[in-house]
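Read the figures in this text as sums done on the coordinates, not as results from a lab. Given the structure is predicted, the values throughout are model-derived calculations rather than measurements. Using ideal geometry, Cβ is built from the backbone for each residue, glycine included, and neighbour counts are taken over all protein chains shown.
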Amino acid sequence: MGGDELELIRRSLDGDKDAWGEIVKRYKVSVFGIALGILGNPADAEDAAQDAFIRAYQGLHTFHLDKRFSTWIFAITANLCKNKLRRDRLFAPLKYVTRATKSHHNPEARLIEDERAQMMREALDQLSPKYRMPLVLRYYGDLEYKDIAEMMRLPEGTIKTRIHRAKSELKKILEKKGVTSHA
């Protein structure tokens, strides 16, 4: 963790709301993206992201300053999402996952990117939740295997296997749609 971020966390622990606001600003897109990737519904993802930041702020005194803050906030987010899914007894389709993308001045390039994103959302939609969640955490949350394993309370080898299988399944799904992958 960078010194600047550590300083923001320390100031937040001392009650500095502006410092906490800066932390939220830095992580809001990623936290929302993870929640959206797991829940598949923008409204639910927005609620989960807000809850994650509230819980993180309330529990900030439990955060170990030698750990990565991103892993900690992503774990809180994933756990909130898992609990919601458990309560709802369903895994919502992954319909609205988007990565933060650069805006294109070229409408044709933007259209191609949007079509690819839509095909990927549809393909992700077809994955089993046990494969979808670690894949979303790995590629949308940019988490390490060991962090995902810890969050999901599974062995790291299981996470690697699930992500490998998810990528294989995605490749098959996309190939059936006539999309060739370079992954």
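Quick look at the numbers
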| read-out | value |
| --- | --- |
| Cα-based shape type of segment 1-96, given that a ≥ b ≥ c are square roots of the gyration tensor eigenvalues and the cut on a/c is 1.5 | prolate |
| Equivalent ellipsoid semi-axes - Cα gyration tensor, the chain, angstrom | 30, 20, 15 |
| Order by protection proxy (mean Cβ within 10 Å, highest first), peptides 132-140, 145-153 | 132-140, 145-153 |
| Rg over Rh, two decimals, segment 103-183 (C-alpha only, Kirkwood Rh) | 1.05 |
| Sites R165 and D18 - FRET efficiency at Förster radius 30 Å, r taken between beta-carbons, to 0.05 | 0.10 |
| E122 paired with Q50, simple spin-label distance in nm, labels 7 Å along Cα-to-beta-carbon | 3.3 nm |
| Peptides ranked, highest mean first, by Cβ atoms within 10 Å: ranges 38-44, 161-167, 63-69, 116-122 | 38-44, 161-167, 116-122, 63-69 |
| In nm, spacing of pseudo-spin labels at Y139 and H61 (7 Å Cα→C-beta vector) | 4.2 nm |
| Entries of K28/K82; K67/K167; K28/K167; K84/K130; K82/K160 with Cα pairs more than 25 Å apart | K67/K167; K28/K167 |
| Relative contact order computed over the chain (Cα-Cα under 8 Å; 6+ residues apart), in percent | 21 percent |
| Net charge dipole size for the chain [Lys, Arg +1 and Asp, Glu -1 on Cβ; Debye, nearest 20] | 840 debye |
| Theoretical FRET efficiency, 1/(1+(r/R0)^6), r = Cβ-Cβ of R86 and T158, R0 22 Å, to 0.05 | 0.70 |
